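Data block below; observations after.
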Amino acid sequence: MDYLEENGFNEPILVQKKDGLGMSMPAPTFYISDVENYVGPDVTVDVVDVTKQTDSQMKLKEFVDYYYSTNRKKVLNVINLEFSDTRMSTIVESPQIVRHLSWVENYWPGDALLGKPKVTRYCLICVKDSYTDFHIECGGASVWYHVLKGEKIFFLIKPTSANLSLYERWRSSSSHSEMFFADQVDKCYKCTLKQGQTLFVPSGWINAVLTPVDCLAFSGHFVHNLSVEMQMRAYEIEKRLKVKTLTPFPNFETACWYVGRHLLERFKEECMKQRKHKQCQEKAFFCPSEHGFVSAVQMTTLDALILFQSINQ
Ligand SMILES: O=C(O)CCC(=O)C(=O)O
């Protein structure tokens, strides 16, 4: 956490070994039939037909039969099987830093009227040659990926202003699926994620994913204080593009309000404490960061949220 607060979380981070990440994963012997047992054969899953880039739904059992068939006729990809509410959540847990940062995990009230966004734990079952084209995660979420079996190749493009504009233009073109977006930017990084490795992709990074061999991976989306401005930018782009995605970030604006409310309450509490100790003048109430009890990150978060809420009213 100290490293991220000092350096920001602006570049992807590849972690070779999972030890020390505070993450729970099953043994690598765990495989697709086990996913079926833990999630349930009758659960409906979204399936992408990679060649046609179309979505459909089927029972998990049906997909698992396809997976194990010796003669697969299509390339089908499962990338949004969110399993928080299934038995699999007892054996797969996100990295500790993610749970520490995540707005949804920390600020979504237990008694909220709207349901807590289900974005924290996905199971990805991807057969050889699966491909997900360039996209930005919804709500500008950051993502973690862990490959339990197989391999994934990520193509990563930095969210500079120029690249975001190019992305928006490319994505809004009716022929975008015929153009490889990476050809339009000056740098695209290739990162191979091997079995046992974990990748953290920061907010806004434009990414595509190729699966060169059958692969079982876990991932999760998280929005947090270190990337508020990029999250807002990505959310605005997504709204302009009206992109329909398999992995939306439900109730994103509500999450922002909860974070804003939490921070304001914290500032008020801290001010009261300071006043009691006669260390705080009236000014501190309006400028709490000067007194050191509110971090710069929290101040930036609040500033960005106020701006965002005023735009979206
Ligand atoms: O593994 C894949 O094919 C795509 C994963 C991905 O980009 C996502 O879940 O957002």
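Here are the numbers for the structure shown:
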read-out	value
Strands (runs of 3 or more DSSP E) contained in segment 73-156 and holding at least 1 residues more than 22 Å from residue 205 (Cα to Cα) and touching a helix residue (DSSP H, G or I) at 6+ places or on another chain (Cβ under 9 Å)	76-82, 122-126
Segment 73-88 - residue that is more than 15 Å from the ligand (Cβ to nearest atom) and closer than 16 Å to residue 216 by Cβ and, of those, surrounded by the most Cβ atoms within 10 Å (Cβ to Cβ)	88
Test for residue 107: is it out of contact with any Gly (no Cβ under 8 Å at 6 or more places or on another chain) and among the hydroxyl-bearing types (Ser, Thr, Tyr)	yes
Top-ranked residue in segment 218-257 [being polar (S, T, N, Q) and either away from the ligand (no atom under 16 Å from the Cβ) or in a helix (DSSP H, G or I) (or both); ranked as surrounded by the fewest Cβ atoms within 10 Å (Cβ to Cβ)]	254
Residues located in segment 188-206, provided they are within 22 Å of residue 231 (Cα to Cα) and part of a loop (DSSP other than H, G, I, E, B)	188, 202, 203, 204, 205
Qualifying residue in segment 63-85 (condition: in contact with a Gly (Cβ under 7 Å, 6 or more places away or on another chain), modelled with pLDDT of 95 or more and assigned by TED's automatic domain parsing to the domain that holds residue 24)	no
Sole residue being surrounded by fewer than 14 Cβ atoms within 10 Å (Cβ to Cβ) and either in the same structural domain as residue 138 (by TED's automatic domain parsing) or within 16 Å of the ligand (Cβ to nearest atom) (or both), chosen from 111, 55, 46	111
Any hit, segment 18-36, residues being among the basic types (Lys, Arg), closer than 21 Å to residue 211 by Cβ and free of Cβ contacts under 8 Å to residues at least 24 places away in the same chain	no
Output for segment 169-190, where each listed residue is within 30 Å of residue 17 (Cβ to Cβ) and crowded, with 16+ Cβ neighbours inside 10 Å	182, 188
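The values are calculated or read from the model by the stated rules, or taken from the named source; none is laboratory data. Every value quoted in this text rests on a predicted model; they were computed, and no experiment measured them. Note: ideal-geometry Cβ built from the backbone for every residue, glycine included; neighbour counts use all protein chains shown.
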